[in-house]
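See below for the structure under consideration.
The values are calculated or read from the model by the stated rules, or taken from the named source; none is laboratory data. This structure is a prediction, so every number in the text was calculated from the model and none was measured. Virtual Cβ from ideal backbone geometry, glycine too; neighbours counted across all protein chains shown. Surface accessibility is based on the protein's heavy atoms, side chains included, excluding ligands, DNA and RNA. Shrake-Rupley method; radii C 1.70, N 1.55, O 1.52, S 1.80 Å.
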Amino acid sequence: MNKNYLLYLIFLVVIGACETQPIITPEYPAIVNPKGGLFILNEGNFQFGNATLDYYDFITQKLATNAFETTNNRKLGDILQSITHHGEKGYLIVNNSQKIEVINMNTLATAATITGFVSPRYMVVNGFQKAYVSEYYNGGIKVVDLNTNQIISKIPIGGNCDELLIHNGKLYVTVSNKKLLYVINTQSDVVMDSIEVAYGPNSLKIDKNKDLWVLSSGRNIIGGGFENGALQKINMEVDTIVNIQYITRQSDHGPIKLRSNAKKDVLYWINKSIYKHPINENTVSSNPWIPSFNNNFWALNYDSLTDELYVGDAIDFVQRSTVNRYDETATLKGTFKAGIITGDFYFYYK
Amino acid sequence: MKKVLAFAGLLWLSCMQLLAQTLPADTVQYLPNFIARSQRFESFNIGAKMVRADSLVKLIAQHDNLAQLLSYNSQVFVRAYGPNQIATTSFRGAGAQHTAVLWNGVNLQNSLMGQTDFSLLPVGFIDDISVHYGGNSALYGAGAIGGAVILNNAPAFNKQSISYQIGAGSFGLMQQRLTLTFGNKKCYFKARTYYQTAKNNIEYHDYTSAENSLQKLAHAQQKSYGLMLESGFMINPKQEINLRYWLGFTDRNIPPTIGMAFNNAYQIDEFNRLGFEWKRATNKTRWIGRLAFVNDYLNYNDPTTYNSGISFSKTIVSELENTIQINLKTGLNFGINYTGNFAQSSGYIQNASRNNLASFLSLNNNWNNKFKTTANLRQDIVDGVFQPYTAGIGADYKWNQYLNFTVNANKSFRLPTLNDLYWVTGNPNLLPEKGYAQELGLIVKRTFVHAYINLQFNVFNRQINNWILWQPYGGTWIPQNLLEVWSRGIEWNTRYTYCYNKFMFSLRGDISYLLSTNQKTNLPNDATLGKQLIYIPRLTYQSWLSVTCNNTYFSINQTYTGYRFTSSDNTSFVNDYLLLNVFTGKSFQFKKVKVDAKIHINNILNNEYQVLPSRPMPMRNFLFSLGFTI
């Protein structure tokens with residue numbers, strides 16, 4: 001019996017050593033081509049620390065999965081929210097890691113880490129060395145010196161600051177838990193105006209006529225209630241709304257992620273399904289352009305080189321997303337897999 | 001003095017005493033006289049696997065919480081969110097909400113969340129801990145699809161003692177415990193209290209930073225205290241009453257996960273539990289009446305994100321059961337249970353309540369000395385609506401003096417939690433989850449002059465339908481009866497005990513391999529079909545080597561947990577880990593005072609590991625404790 005027990009113990013040890021872990025390799029080797037390509041931002045799950053960056057090369061048509069970690073031998077962090085590029089440098093805003101990773105846009109190698117944020121969401125660059133970063137919690141804008149990679153000042157704004165846009169010496173700040181779009185003078189860094197919009201402004205785009213379009217989700221978190229979303233056109237000369245189209249919410253998040261085509265005369269957004277709106281039309285169509293069949297569309301952007309629309313489906317938010325490419329007639333051109341919770345695409349043309 | 005020693009239950013006083021105490025733990029389910037056991041959970045549970053924590057295990061874990069005890073000592077997978085942070089359980093590949101926790105017969109599962117945080121339950125407050133695998137709602141009530149953890153307090157008639165313990169450990173752990181017991185043959189009063197503080201500033205590598213530096217976990221401090229008062233009165237030789245009150249308070253800071261710069265969130269848990277029990281036993285029949293009030297308060301607050309939630313949950317349980325020995329071969333148990341849940345939460349539009357009335361019936365048959373069977377049946381009526389009936393059957397066949405075959409099958413169910421139903425985005429149309437479980441067992445037992453061996457091999461299979469999952473559905477997060485989860489696996493448990501003079505050697509090896517996969521989806525592009533559920537390891541094993549002699553013990557424990565997937569399509573995972581723990585202790589008699597000293601070293605290999613992704617766990621750490629008992 002003792003001998004048997006010894007054998008059994010050996011069996012225990014052996015079986016422990018034998019369990020091989022699955023090796024999850026990228027589908028394609030990690031190649032970063034200097035000719036430019038597509039940055040795929042995968043948010044990852046809140047507090048899982050599994051945000052990833054995928055890189056899709058236009059020339060080789062190859063996808064490097066988890067390219068940040070492959071290049072830099074470390075994980076990126078928690079919730080990759082957005083990317084901004086300035087010259088050769090890329091700025092990865094890692095929301096719940098409360099930091100911005102500065103990378104070389106061609107090699108993806110890290111150059112610096114900017115810390116000191118509470119909940120960074122988006123960044124825009126003004127001139128050569130100054131950047132504005134929106135803070136979702138602890139509301140406001142942090143001003144960053146891009147030479148020293150240090151936060152140099154703070155512009156206080158109450159509320160969850162979201163997408164930003166700079167035009168003609170003015171910084172436009174969406175506040176997604178309010179009915180306000182703030183306008184900041186980039187000379188003085190002082191709030192000079194606020195424009196009342198529908199509840200939950202979250203994203204903005206400038207069209208070919210230099211009009212500003214603001215998308216509101218209608219998601220009233222504080223009030224616990226839900227309102228209609230809206231698409232607003234703003235004249236930036238006088239900063240007033242010239243047109244407002246109300247949009248019925250189709251999901252919890254409502255209308256989000258306003259994007260435009262290369263000519264800047266067609267707008268797209270997600271409201272459960274994907275919607276399309278040519279800027280010269282008077283009313284917003286209630287018919288989806290790409291309908292959701294229980295899809296959880298979470299990422300959207302437009303490739304100006306190929307005139308294709310990239311749409312990410314986060315599925316159950318706990319598995320790798322599916323990315324579909326559509327042409328201008330909404331015909332599916334291709335499909336590939338990206339990381340967990342693909343949140344945005346960034347086309348880097350050289 | 002003898003009374004004191006007996007009370008303390010420290011059976012490592014002598015080799016033979018430990019052996020004597022260890023033996024029944026493994027043979028409990030085969031005691032012929034079912035009425036001898038105090039609860040129906042054991043006596044009407046034939047054919048299902050049940051393991052009771054032996055005295056050495058309880059002694060070693062005396063300073064720990066139940067989550068730690070279960071993770072080293074059972075095949076229940078404990079999902080720990082960090083040192084002294086929330087810890088939930090998974091039985092045989094089931095979810096955290098599929099574990100029933102019965103404290104002296106009263107279910108402690110939180111009605112809002114359906115799960116129990118085992119880090120809030122101190123081992124020192126419980127006298128008898130057993131783990132019932134396989135679940136069986138007909139016996140344990142709604143919610144017990146995966147399994148049940150049975151916690152009992154023993155009456156302290158004829159016991160008197162005063163005991164004080166102080167423990168200090170790594171990461172700022174300080175714990176003090178005081179126990180007072182005064183009992184005569186007519187009545188008893190017992191009070192237990194503890195106070196614990198810990199910094200939990202464990203070290204970990206921040207692998208998301210360029211420096212990959214070793215840093216200390218910030219904002220993880222914890223303070224907790226508890227009080228348990230017990231009193232009992234023997235009305236006459238046939239009747240006794242017991243009254244128990246349990247207060248628990250824990251205030252925890254929630255640390256940042258790896259990659260986060262900081263976290264300001266904290267959580268306060270407070271509970272009050274009052275239980276009254278009446279027993280009347282004669283030779284052939286035994287009545288038990290229970291009445292309990294359970295009050296849970298939870299406050300989570302994150303000042304940075306303004307995410308906060310406060311919830312109050314009140315539960316009333318009343319139960320009356322009767323066990324009758326109809327004849328030498330047949331025993332019967334029946335009863336009724338009323339459970340009322342009343343909840344208030346900042347996430348609800350209005351207060352929620354639920355009234356559950358249940359009747360249950362169990363039958364035991366001892367066909368001959370070799371063959372025993374059991375059958376359980378239960379019907380729940382919730383807010384006037386008949387729920388699916390639940391049933392269980394089991395059998396035990398004694399092949400020869402060494403070998404037993406067991407079989408058990410049951411149909412179980414779990415009600416949606418109050419959060420599932422009444423949360424702002426909840427779904428009032430949810431159906432209960434249904435579970436169908438079967439298991440087969442093979443048990444080999446053999447006693448030698450100086451040794452004892454027990455091998456148990458189990459195969460199980462379980463299907464859970466209507467599994468409730470919160471999932472985005474075209475961008476809206478709602479709970480739905482979504483999944484069909486198929487779990488199956490094998491378990492092997494080995495015990496070997498050898499006595500030589502004053503020495504007792506014992507070896508334990510437990511191994512489990514299971515698959516728990518999702519079989520259904522309604523989402524396009526979904527790659528989860530047939531894939532293992534996240535956070536459920538396929539392979540786990542534990543082994544123990546213990547030597548006791550006179551008043552000394554020395555134990556080595558090895559716990560291995562296989563990798564766990566972190567994505568539902570099984571494309572990413574957290575690494576497996578192996579922990580090696582060493583426990584040693586000794587007791588001295590110093591005039592009238594018994595002094596216990598202990599040194600425990602956890603994770604002696606200093607492995608850096610995570611149970612859940614990005615949540616670091618302690619590397620090598622120590623615990624020293626001193627106890628005084630008179």
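Things worth noting here:
- Overall Cα dimensions of the stretch B:304-363 - principal axes, largest extent first, Å: 66, 22, 12
- Sequence-separation-based contact order of chain B, relative, with Cα cut under 8 Å and 6+ spacing, percent: 11
- Check: the stretch B:149-255 dipole with +1 on Lys, Arg Cβ and -1 on Asp, Glu Cβ, in debye: 700
- Across the accessible surface of the stretch B:523-630, with the other protein chains kept in place and a 1.4 Å probe, carbon and sulfur atoms take up 65 percent.
- In the stretch B:476-630, a dipole from Cβ-located charges (positive for Lys and Arg, negative for Asp and Glu) runs towards its positive end, and of B:F583, B:Q532, B:Y553 it is B:Y553 whose Cα lies farthest in that direction.
- Directionally averaged shadow of chain A, computed from the convex hull of its alpha-carbon atoms, nm²: 21.7
- Taking the C-alpha atoms of the stretch B:39-104, convex hull volume expressed per residue in Å³: 115
- With contacts taken as Cα pairs under 8 Å and at least 6 residues apart, the stretch B:468-524 reaches a relative contact order of 35 percent.
- All Cα pairs of the protein assembly as shown, percent lying beyond 43 Å: 40
- Percentage relative contact order, the stretch B:405-509, counting C-alpha pairs under 8 Å, at least six apart: 23
- Globularity index of the stretch B:267-424, i.e. its alpha-carbon radius of gyration over 2.2 N^0.38 Å: 1.40
- Built from the Cα atoms of the stretch B:248-304, the convex hull projects on average onto 6.4 nm², one quarter of its surface area.
- Radius of gyration and maximum dimension Dmax of the stretch A:130-205, Cα, Å: 11.7, 38
- Computed accessible area, B:F334, all protein chains, 1.4 angstrom probe, square angstrom: 70
- Remark on B:F573: its backbone amide H falls under 5 Å from those of B:T566, a criterion applied only to residues 5 or more positions apart or on other chains, H modelled at 1.01 Å from N.
- Computed from the Cα positions only, the extents of the stretch A:101-140 along the three principal axes stand at 33, 21, 13 Å, in decreasing order.
- Reciprocal mean inverse distance between Cα atoms of the stretch B:444-552 - Kirkwood radius, Å: 17.4
- For the stretch B:581-629, average projected area of the Cα convex hull in nm²: 4.0
- Taking only the Cα atoms of the stretch B:150-215, the ratio Rg/Rh comes out at 1.34, with Rh defined as the Kirkwood radius.
- Heavy atoms of chains A and B lose about 4700 Å² of accessible surface on contact, summed over both sides with a 1.4 Å probe.
- Dipole of chain B [Lys/Arg +1, Asp/Glu -1 at C-beta], most positive-end residue of B:N602, B:N408, B:L455: B:L455
- Hydrodynamic radius by Kirkwood, which averages 1/r over all alpha carbon pairs of the stretch B:256-348, in angstrom: 17.0
- Based on Cα atoms of the stretch A:273-350, Rg over Rh with Rh as the Kirkwood radius reads 0.98.
- Ratio of the Cα radius of gyration of the stretch B:492-552 to 2.2 N^0.38 Å, where N counts its residues: 1.99
- If you count Lys pairs in the stretch B:366-515 whose Cα atoms are under 19 Å apart, skipping same-chain pairs closer than 8 places in sequence, the total is 6.
- Taking the longest Cα principal axis of chain A as reference, the axis of helix A:2-18 is set at about 30 degrees.
- With Rh defined as the Kirkwood radius, the inverse of the mean 1/r over Cα pairs, the Rg/Rh of chain B is 0.94.
- Heavy atoms of B:L69 accessible to a 1.4 Å probe, total area in Å² rounded to 10: 10
- Rg(Cα) / (2.2 N^0.38 Å) computed for the stretch B:515-630, rounded to two decimals: 1.57
- Volume per residue for the stretch B:82-134 equals 96 cubic angstrom (convex hull of Cα atoms).
- 1.4 Å probe accessible area per residue over the protein assembly as shown, in Å²: 39
- Stokes-Einstein D for the stretch B:120-185, Kirkwood Rh over Cα pairs, 20 °C, 1.002 mPa s (µm²/s): 143
- Taking the Cα centre of the stretch B:413-559 as origin and assigning +1 to Lys and Arg Cβ atoms and -1 to Asp and Glu Cβ atoms, the resulting dipole is close to 520 debye.
- Prolate/oblate/rounded label for the stretch A:167-305 (Cα gyration tensor, a/c 1.5): oblate
- Of all lysines in the structure, the ones whose alpha carbon falls short of 26 Å from that of A:K178, not counting any fewer than 8 places away in one chain, are A:K99, A:K142, A:K154, A:K170, A:K205, A:K210, A:K233, A:K257, A:K272, A:K276.
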